[in-house]
Amino acid sequence: MPEILRGTRLVIARHAQAILCALGLYALTACAAPQAFAHSPSTTATFAAAQVPTPTPSLTPTPAPPAINVWFPALFAYEAELFTAQHFSELLQEYTRQTGQVVNLRLRRADGLGGIFETLSSAAQVAPSVLPDLALLRARDLPRAAAAKLIVPIGVELLPQEAYFATALNLARYDGDFYGIPYLLELQHAVYRGEAPPPLAWQTLISRQLPYLFPAKVSYGANSTLLSHYATLGGQFSDQNGDPLLDYDPLLTVLNVYAEARAAGSLPAEVLDYAEPMQYWATFTAGKNVLVQVDSTFFLRQRAASEPAEASAWQFSPLPQISSEKPPLSMVDGWLWTLTTADPERQKRALALIEWLQAPKRFAEFSQRVGLLPAQRAALSAWSEPDYAAFAATLLDRNLAPLPDLVNSTVAEALQESFARLLKGELSSEAAANAALDRVRVARGR
C-alpha cells in the first residue's frame, strides 16, 4: 500500500506560507511577512551543507561549486499537506550532505500566470540571468518551450531506451530530438467493481450493458477518450502544413460504436457533466457492475484512503479497446526535467543531480509516496506493490495517445461538438460525423 498522505488543498495564503516556513522552503524574512506569499508566484529554498571550521588557518578551503537552480511545480507542493514538497526538500538536503553541492529550489505554479512555462518565456526576454538550470515541465509545455528555444536538446545517450518506458520517451521528444528527461508519469486506466472480470473492449461493455463513466466535459478542445479512439483508428488532426484535417471514416466508426453504446446504456449522457473522476467516484463505490476511468494518482490515493475490504473489490484494468483490430493507445501525462542552459559546467551539475534523484531505490520511494509513476522501469519495479506496478508497466510501454492540449484546436472542437450532440440524441452517428467534417472544411477555407 503506497504511503500517500491525504490532505486538503490550502486555500488561505498565510496558512500555506506557515507550512512552507516549517518545511524550510521560505527564507526567514519571508516567514515574517505573511502577505508576501499571497503576492508572489514562487518561493525559494536553498539547501547547503553545514560549514565546518578549518582546523588549520593556513589552509585555503576549496571553493564550493556554484549552486544548481531548480524550478519545481507548486502543484505537488499544495497537495497532501505539502508532503511532496517536504519529501523533495529532504532529498535535496541529503544530496547536499553527500556532495556538498548547494541546490536552490524555487516553487512555481504548475499552469497559467506565474507557471513554469510562462515564467521561463517572460524571464528569457527581460531577465535571462534568473533562469534556472533545471525546470520540471509538464509534457504539454515541452513542445512549446522547445519551439521557443527556452530549453536545450538532451543527448540521446542520456536516455537509454531500455531504462525508460516507451510513453515516457515519446513525451520527451520534439521535432525528432529529445528535450526532456522523463521523471513522473500519470496513467489513465479503468477500475471495475463487480464479480465478473472487467470488460476489456467496448463491444463487451455493450453486450453486458455495463455503464462506463469517464471525464467527457472539457472547457476547450475535446475529451481525451474521444481523441484516443479517433487516433487509434488512424484519424489525423492536421496535414503536412499544419492545417486542420479530419478523417471521416475513423470518426464515423468511433461514433457508430458510441451510438450503439448509448442505446445499450453503456454510454450515458451524464459523462458530459464529468470533468474529473471525483465527480462520479461515489457512484462507483455505491454500486456494482460499473466501469470508470481514473488516473493512476487518483486511484492510488483513493485506495490508500479506503478500508482494505472495500479496496479489495476494485479491479484495475486497461481502458476498454475501441477496436480489436488496432493496437490500443495509452493515455499518459507526465513531468520532465528540462535544461535551460547550454553551459557545459552547469549542465554537468544539473545532470548529476538528476542521476542521483533517479537512482532506482530512491526514485521508487519518492514516486510511490507521492502517488505518481516513475518514468524508469527499475524504479517502478522496486515499488512495494508489485501487482499494480506490473500492470502499469504494461500500459506505459504502449504507443502514446495524443495529448489533448497539443491537438489542432479546430479539429478537437469539431469532434467534441459532434460527440456531445450524439450523446444528447440530437444527431445520428452519420449526421454527427458530417457536421464535424463540415466544420473543419469551413475552417480550412477561411
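Readers should treat all values here as calculations from the given coordinates under stated rules, not as data from a laboratory. In this text the structure is predicted, and so the values were computed from the model without any measurement. Quick reminder, even Gly has a Cβ in these numbers, built from the backbone with ideal geometry, and neighbours come from all protein chains shown.
Quick rundown of the values:
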read-out: Environment charge of residue 400, counting only residues whose C-beta is closer than 14 Å and scoring Lys/Arg +1, Asp/Glu -1; value: -1
read-out: Burial order of peptide ranges 103-116, 275-288 (average beta-carbon count within 10 Å, highest first); value: 103-116, 275-288
read-out: Reachable aspartates and glutamates from residue 424, criterion Cα separation under 14 angstrom, eight or more residues apart if same chain; value: 260, 270, 273
read-out: Residue-wise HN-Hα coupling along the stretch 245-262, computed from phi with Karplus coefficients 6.51, -1.76, 1.60 (Hz; x: Gly, Pro); value: 9, 10, 8, 5, 4, x, 5, 4, 4, 4, 5, 5, 5, 4, 5, 5, 5, 4
read-out: The stretch 188-316: relative contact order as a whole-number percent, Cα under 8 Å and 6+ apart; value: 47 percent
read-out: Spacing of the two label points (7 Å from each Cα toward its C-beta) at residue 309 and residue 140, in nm; value: 4.1 nm
read-out: For the stretch 344-383, alpha-carbon Rg relative to the globular expectation (2.2 N^0.38 Å, N residues); value: 1.27
read-out: Fewest-first ranking of 70, 254, using other Cβ atoms within 10 Å as the exposure measure; value: 70, 254
read-out: Sorted peptide list for 428-436, 120-128, 92-100, criterion being average Cβ within 10 angstrom, highest first; value: 428-436, 92-100, 120-128
read-out: Surrounding net charge for residue 66, when Lys and Arg each add one and Asp and Glu each subtract one, Cβ distance under 14 Å; value: 0
read-out: Using a Förster distance of 41 Å, the FRET efficiency for residue 121-residue 362 (Cβ separation, nearest 0.05); value: 0.80
read-out: FRET efficiency for residue 248 and residue 97, using Cβ-Cβ distance with R0 set to 56 Å, rounded to 0.05; value: 0.35
read-out: Point-charge dipole on Cβ atoms (K/R +1, D/E -1) for the stretch 210-312, about Cα centre, debye to 20; value: 360 debye
read-out: Values of log10 I(q)/I(0), in the order q = 0.10, 0.13, 0.18, 0.24 Å⁻¹, for the stretch 349-446 under a Debye, Cα-only, solvent-free model; value: -0.55, -0.68, -0.83, -1.17
read-out: Computed lengthening from residue 240 to residue 220, 0.36 nm per intervening residue step minus Cα-Cα distance; value: 4.8 nm
read-out: Under-5 Å amide H pairs with residue 321, H placed in peptide plane, nonlocal only; value: 201, 202
read-out: Burial ranking of peptide ranges 153-161, 413-421 (average Cβ count within 10 Å, highest at the top); value: 413-421, 153-161
read-out: 14 Å beta-carbon shell around residue 421, net charge (K/R +1, D/E -1); value: -2
read-out: Pair residue 393, residue 444: separation of 7 Å Cα→Cβ label points (nm); value: 4.4 nm
read-out: Stretchable slack from residue 384 to residue 426, in nm (0.36 nm times residue separation minus alpha-carbon distance); value: 10.2 nm
read-out: Per-residue HN-Hα couplings for the stretch 308-320 [Karplus 6.51, -1.76, 1.60; θ = phi - 60°; Hz; x = Gly/Pro]; value: x, 5, 6, 5, 5, 7, 8, 9, 7, 7, x, 5, x
